[in-house]
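Below: the structure, in structure tokens.
We did not get these values from a lab; they are worked out from the coordinates using the rules stated. Only a predicted model underlies this, so the values are computations on that prediction, with no experimental measurement involved. Here the Cβ positions follow ideal geometry from the backbone for every residue, glycine too, while neighbour counts run over all protein chains shown.
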Amino acid sequence: MKTTKKFLLPDREIPKEWYNVLADLPSLQPMLHPATHKPVRPSDLEPLFAKGLIEQEFSRKRWIEIPEEVRTLYKIYRPTPLVRASGLEKALDTPARIYFKNESVSPVGSHKLNSALPQAYYNKIEGVRRLTTETGAGQWGSAISIAARHFGLDMEVFMVRLSYDQKPYRKVVMQTYGGRVIPSPSNTTEAGRKFLAQKPDTTGSLGMAISEACERAALDPDTRYTLGSVLNMVMLHQTIIGLEAERQFEMAQDYPDTIIGCFGGGSNFGGISLPFLRHQLAGKAKFDLIAAESTGCPKLTKGAFRYDYGDSAGLTPLIPMYTLGYDYEPEAIHAGGLRYHGAGAIMSQLLKDNIIRAMDIDQHECFKVGKLFAQSEGIIPAPESTHAIAATIREALKAKEEGHEKVILFNLSGHGLLDLGAYEAFLNGQL
Ligand SMILES: *Cc1c(COP(=O)(O)O)cnc(C)c1O
């Protein structure tokens with residue numbers, strides 16, 4: 001039997017720069033101002049975001065330096081392992097070679113810290129005192145809470161009511177890091193009061209929580225908003241995943257042809273795939289890039305490409321994206337991080353141009369493969385990440401059926417140790 005192999009870079013080889021795909025994607029449509037419908041100017045975003053982050057949002061520079069303070073904090077958990085999933089290969093009896101990048105080893109248990117750290121950093125150096133944000137399942141809220149703490153900033157998190165009730169432990173994680181957690185919709189904002197008046201028993205949504213957090217930042221000059229996905233600058237920060245993976249594949253003397261990630265707003269999938277895609281855009285390679293979304297919130301496979309708001313109140317800029325509509329209420333699936341109505345502009349454009357493809361997967365299949373992955377690799381995956389595992393298994397079984405080799409890389413975006421309630425429901429047949 002083959003043993004599971006890990007490929008780990010030495011510290012000094014943690015990337016010093018992020019890769020900005022906008023340098024190689026000239027066709028991206030601009031965001032539009034919600035009131036004027038004119039392209040958003042960087043200065044329009046200044047009430048919401050740190051200037052350093054706005055600059056990155058619009059930058060066309062191919063390589064952007066990772067600040068030393070951020071790199072030092074990355075070293076707490078990076079490089080993350082690239083792992084040959086030999087146990088899973090054996091369980092599937094597939095000719096495919098399967099690798100995963102294990103982002104679950106971050107202190108908060110997911111890839112979200114990769115962007116939380118630079119977002120807190122740029123706010124800190126610009127003299128901002130308080131950060132606000134929304135969180136679905138609580139992964140982003142946990143990541144930005146500890147990032148804010150590292151840089152001595154105050155943190156307020158609007159948490160989608162469904163997850164606040166379903167996943168009490170993530171709330172405790174945020175509170176332990178010093179974050180203040182408010183279930184959303186709340187009566188602490190104008191937007192929240194409006195949502196509650198319309199539907200008093202609503203379980204909330206990411207879109208509603210974004211409305212509340214944006215309103216808070218817009219009204220307080222000492223507070224800035226942070227966002228865990230969707231934006232170009234978040235895709236940028238997450239490219240550290242793929243850049244490390246690329247060097248690790250050199251150590252493994254192998255190379256992927258299929259790259260898979262689960263899809264909420266697109267940041268972990270973008271993070272693992274965009275650095276590889278740069279070789280395809282330069283005409284030097286070809287990849288099968290697969291986004292795995294939930295049937296409970298299928299913007300890529302069932303949505304339309306058009307301009308839409310990022311939140312449920314229509315406060316954010318209009319983003320050119322695949323969307324189910326800004327007032328869409330996703331099913332109450334356990335993969336809270338995938339319950340977002342739209343896809344980030346970069347990943348949407350790539351889908352529109354047929355450079356990536358998408359599949360939507362039902363949560364029963366996801367928990368089934370989550371259990372198989374736990375038993376074959378020893379890691380209990382986040383409900384979000386099980387979508388990537390399910391897509392990987394579909395592709396590996398296809399390779400077996402068709403009798404050809406395939407090298408699959410998927411991103412394990414997080415672990416499921418704070419999602420055991422969902423696993424319990426699955427194991428008891430109550431999903
Ligand atoms: C937030 C989250 C996702 C979905 O967000 P993306 O921006 O699409 O990556 C996926 N997996 C985990 C573990 C998450 O926390």
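Charged side chains reduced to their Cβ positions (Lys and Arg at +1, Asp and Glu at -1) give the stretch 332-420 a dipole of some 60 debye around its Cα centre. Based solely on its DSSP helices, what 222 nm [θ] is calculated for the chain when runs of n ≥ 4 H residues each add -39,500 (n - 2.57) and the sum is averaged over all residues, nearest 500 deg cm²/dmol? Helices in the chain give a 222 nm mean residue ellipticity of -12000 deg cm²/dmol.
Below 8 Å, C-alpha to C-alpha, sequence gap of six or more: please give me the relative contact order for the stretch 332-428 in percent. Could you put the intermediate results ahead of the total?
Working: 79 pairs, mean separation 26.8, N = 97.
The value is 28 percent.
Arranged from fewest to most other beta-carbon atoms within 10 Å of their beta carbon, M31, M359, M347 become M359, M31, M347. Counting only residues at least eight positions apart within a chain, or on another chain, the aspartates and glutamates with an alpha carbon under 16 Å from that of K371 are E89, D362, E384, D419, E424.
Ranked by Cβ crowding within 10 angstrom, fewest neighbours first, how are E293, E126 ordered? Don't skip to the end; give the middle numbers.
Numbers: E293 29, E126 13.
Exposure proxy ranking, most exposed first: E126, E293.
Taking the Cα centre of the chain as reference, the dipole from Cβ charges on Lys and Arg (+1) and Asp and Glu (-1) amounts to some 500 debye.
Stokes-Einstein D for the stretch 1-96 at 37 °C, 0.692 mPa s, Kirkwood Rh over Cα pairs, in µm²/s? Before the final figure, lay out the partial values.
Details: Rh = 17.5 Å.
This corresponds to a translational diffusion coefficient of 188 µm²/s.
For the stretch 314-330 and the stretch 64-87, what is the separation of their C-alpha centers, rounded to whole Å? Using only Cα atoms, the two centres lie 32 Å from each other.
Between T301, Q280, I355, the Cα set farthest toward the positive side of the dipole of the stretch 279-431 (charges on each charged residue's Cβ, about the Cα centre) is that of Q280. In percent, rounded to a whole number, the relative contact order of the chain is 19, using alpha-carbon pairs under 8 Å and six or more apart.
For K299, the lysines whose Cα falls under 24 Å of its own Cα, not counting residues fewer than eight places away in the same chain, are K112, K199, K352, K368. Counting only the Cα atoms, the chain fills a convex hull of 128 Å³ per residue.
Of P67, P298, P81, the residue with the greatest mean-square motion in the GNM of the chain, using alpha carbon springs below 10 Å, is P67.
How would you rank 176-183, 154-161, highest first, on the average number of other Cβ atoms within 10 Å across their residues? Spell out each step's value before the answer.
Values: 176-183: 17.9, 154-161: 25.0.
Top of the packing list down: 154-161, 176-183.
Of the residues L8, A35, L25, the one whose Cα sits farthest towards the positive end of the charge dipole of the stretch 1-46 is L8 (charges of +1 on Lys and Arg Cβ, -1 on Asp and Glu Cβ, taken about the Cα centre).
Between Q198 and K284, the FRET efficiency estimated from the beta carbon spacing at R0 = 51 angstrom works out to 0.45.
Counting neighbouring beta carbons within 10 Å and listing from fewest to most, the residues R12, R170, R357 come out as R12, R357, R170.
Filter K16/K101; K16/K284; K101/K406; K51/K302 down to the pairs with a C-alpha to C-alpha distance above 25 Å, please. Too far apart for the 25 Å limit: K51/K302. In the chain, taking the dipole from charged Cβ atoms about the Cα centre, the farthest positive-side position among G271, Q166, G192 is held by G271.
Directionally averaged projected area (the stretch 40-155, Cα convex hull): 9.8 nm².
Could you tell me which of rounded, prolate or oblate describes the stretch 303-420, using a ≥ b ≥ c as the square roots of the eigenvalues of the alpha-carbon gyration tensor, with rounded for a/c under 1.5 and, failing that, prolate when a/b is larger than b/c and oblate otherwise? Can you show the working numbers first?
On the way: a/c = 2.70, a/b = 1.49, b/c = 1.81.
Oblate.
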